[in-house]
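First the structure, in the form of structure tokens, and then the observations on it.
The values are calculated or read from the model by the stated rules, or taken from the named source; none is laboratory data. Everything numeric here is computed off the predicted structure, so don't read it as measured data. We place every Cβ from the backbone using ideal geometry, glycine too, and count neighbours over all the protein chains shown. We work out accessible area using only protein heavy atoms, side chains counted, and drop any ligands, DNA or RNA first. Shrake-Rupley method; radii C 1.70, N 1.55, O 1.52, S 1.80 Å.
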Amino acid sequence: MLGIQQKKGDPEKLCGRLVVYAKIIPSASKDQNEGPIPFASMVRNGILAVRGEFEKINSIKRFLQHEDGSSSVDKGISDIIEHIKESGGELPEGLDVDSFKDRLEELSSMEIIPVPAKIMFYDNEEEILEENADIYYIGEFSGMSQAHLCITSLPIFYQAKFREQQNAEEQSYINELLSQIESDGLVTNKPETGEFLPGNGNLVTFVGNLQELLERQVVPYLLYQAADEEQFSTNLDRFYAFMAPYKNQRDVQLIGETLRRLRVNENDVKERFRLELLCRKVGAMYHEKFEQVPEIQKKLSELDL
């Protein structure tokens, strides 16, 4: 549209990080270095570029997974989720699902504060394309004021589209969370029941502590199925599907490989410790407790020395 090219990223799944750039004809920047806005100073090597960061906008999912709810948002929702976790997945007595849904949707639709894009300097297009962001090229301009207008307007449109995608994802997330509550489908601590993963979704719709889910639900249940190869493989594939949104899939595969080794010898202390470390690492990565990861990885590496 309008000659705008998306050079990097998926328009159907915006990442929330944006770089927009234009090429400026050399004479344009020389001719427009006077006045209240020093346009020429914004250009390097014939490139005018801005970057916007929108992925840190709070969402209901981030709140439930990463915040304690004790400050800017009503602590009631945090208490509900904590109660669900502590009671093994049961709906707190007397909680009305409709009112819970209304509160979740209220939090989900909170207004956001627009984040301005910042002027960035790049030596060439190759350097721009190395950015971990959705990247747009808006064309070549002879007029600096027109280029500046276009390049600062696109982030506003991008932020609106990104927020629209977030809203759709959050609605799906809320519906899945409510379906788990209404159907009593939140995880329990009884592997023999056959319920070792919450609801019908995957990690995108999961709410709770991932390390606890792995240690208390997934690992015990899969080891419980160890004697039956077909059942074990079927449920391991179900676990892989649930974990598909997790960024480092190698960690997930290592959990599966370790579980397979424990099928042969469930008393292998070394493999049990490996499994414990992998669950801790995946939990730390998912909940963005990155400071814990180096020590966990060090212990994992020492196991193979």
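The listed peptides 227-235, 159-167, ordered by packing as a protection proxy, come out as 159-167, 227-235 (highest mean of other Cβ atoms within 10 Å first).
Each of N248 and K161 was given a label point 7 Å from its Cα along the Cα-to-Cβ line. The distance between the two points is 3.2 nm.
Annotation: extensible slack from E212 through E229 equals 3.6 nm (criterion: 0.36 nm per residue apart, minus Cα-Cα distance).
Pairs of Lys residues in the stretch 210-304 are counted when their Cα atoms are under 19 angstrom apart and they lie 8 or more places apart or on different chains; the count is 10. Taking the 1.4 Å solvent-accessible surface of the stretch 210-304 as the whole, the part contributed by carbon and sulfur is 49%. Highest mean packing comes first when the peptides 44-53, 261-270 are listed by Cβ atoms within 10 Å, giving 44-53, 261-270. Highest mean packing comes first when the peptides 275-281, 142-148 are listed by Cβ atoms within 10 Å, giving 275-281, 142-148. Extending 7 Å from the Cα toward the beta-carbon at both E130 and S145 defines two label points whose distance is 3.6 nm. Under the shape rule built on the C-alpha gyration tensor, where the axes satisfy a ≥ b ≥ c, the stretch 210-304 is oblate, since a/c reaches at least 1.5 while a/b does not exceed b/c.
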